[in-house]
Amino acid sequence: MPLHTTLDRLLAHISEPLLEKRAGFLLLIDPDKRDEPSLLKLAEDATAFGATAILIGGSTMLSNRLDEYIRRIKSVSHLPVIIFPGSVVQVSREADAILYLSLVSGRNPEYLIGHHVIAAPLIQQLELEPISTAYLLIESGRKTAVEFMSNSSPIPRHKPEIAAAHALAAEYLGMKLVYLEAGSGADYSVPEEMISLVSKTISVPLVVGGGIRTPDDVRRKAQAGANFIVVGNAFERRHDRVYLQEMIAATMFSRKVERVSR
Ligand code: 1GP
């Protein structure tokens, strides 16, 4: 079946028929935090090791070379490049898609609909695929950049039922993905108990990110029900190909389905 959209491509990656269970791996690159050669090497290695897609963006994104960065990434990787915007200026015709994020955990109208109205005509003009995504900020220790920039409160980490109700409401509103976000470099990642309840409550794919640092973290989030794992900060701190490979491999935690013997 032809894959018409970037979202189709992402979903195809986690639906390999011989695997019982698999989560997709989304590598997050913030061009403000890396020099270009190391950024390209990271993208190239992640592609070779089986990542699903590359997210590009950041909460500040001081660099104004987004088009050029994406072109360079695409010269070393065949993976979809998806903008993960920290603000309305982060758009580019070079990307395959953009996460069209609505911060549904907050009550700040600018992040629920305001910025979307400003960005929509531009996204249409650039023929960029918007992936409608419910963005839920989850309490994670210290105040995060998203929390500060959006002037909104996160959902308490010991209240999975509140996260689940928000996620379900977003699905009923027609959103295509739900993203549980602890914040980049979070002290504590999203708890497995919350991931598990949200994944059982909704039928759209679940993305989890923020403070995921070890292969064991990746495995536990995937086993709890995350369909896609986002990792960025960990690779800014540590450039190590074996570590990168182990992080991506941890998304494939299940044995292959046994064939029925006759
Ligand atoms: C941040 O969820 C992403 O928006 C990834 O977080 O940088 O902590 O991996 P890290």
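Odds and ends about this structure:
- Residue in segment 102-109 that is within 27 Å of PRO154 (Cβ to Cβ), under 18 Å from the mean Cα position of the chain (by Cα), of a type outside the set (Phe, Trp, Tyr) and part of a strand (DSSP E or B) present: yes
- Search result, residues across segment 223-243 that are under 18 Å from PRO31 (Cα atoms) and hydrophobic (A, V, I, L, M, F, W, C): VAL230, VAL231, ALA234, PHE235
- Every condition in (1) in a helix (DSSP H, G or I); (2) out of contact with any Ser or Thr (no Cβ under 8 Å at 6 or more places or on another chain); (3) within 21 Å of ASP240 (Cα to Cα) is met by LEU27 except one, and the failing one is (1).
- Matching residues in segment 161-197 - criterion: being over 13 Å from LEU136 (Cα atoms) and among the hydrophobic types (A, V, I, L, M, F, W, C): LEU173, ALA186, LEU197
- Residue in segment 139-154 that is assigned to a loop (DSSP other than H, G, I, E, B) and in contact with a strand residue (DSSP E or B) (Cβ under 6 Å, 6 or more places away or on another chain) present: yes
- Considering residues of segment 197-227 that are in a strand (DSSP E or B) and out of contact with any helix residue (DSSP H, G or I) (no Cβ under 7 Å at 6 or more places or on another chain) only, the residue farthest from the ligand (Cβ to nearest atom): VAL207
- Whichever residue in segment 35-46 is under 28 Å from ASN227 (Cβ atoms) and surrounded by fewer than 18 Cβ atoms within 10 Å (Cβ to Cβ) and, among such residues, is modelled with the lowest pLDDT: LYS41
- Within segment 229-249, residues that are under 11 Å from ALA46 (Cα atoms) reach no partner that is modelled with pLDDT under 95 and within 14 Å of the ligand (Cβ to nearest atom) with beta carbons closer than 6 Å at six or more positions or on different chains.
- Of residues in segment 69-84 being buried (at least 20 other Cβ atoms within 10 Å of the Cβ) and in a loop (DSSP other than H, G, I, E, B), the one nearest to the ligand (Cβ to nearest atom): PHE84
- Only residues that are of a type outside the set (Val, Ile, Thr), more than 27 Å from VAL91 (Cα to Cα) and within 16 Å of the ligand (Cβ to nearest atom) were counted across segment 124-182, and they come to 6.
The values are calculated or read from the model by the stated rules, or taken from the named source; none is laboratory data. Please read these numbers as outputs of a predicted model, since none were measured by experiment. Glycine gets a Cβ as well: all are built from the backbone with ideal geometry, and neighbour counts include every protein chain shown.
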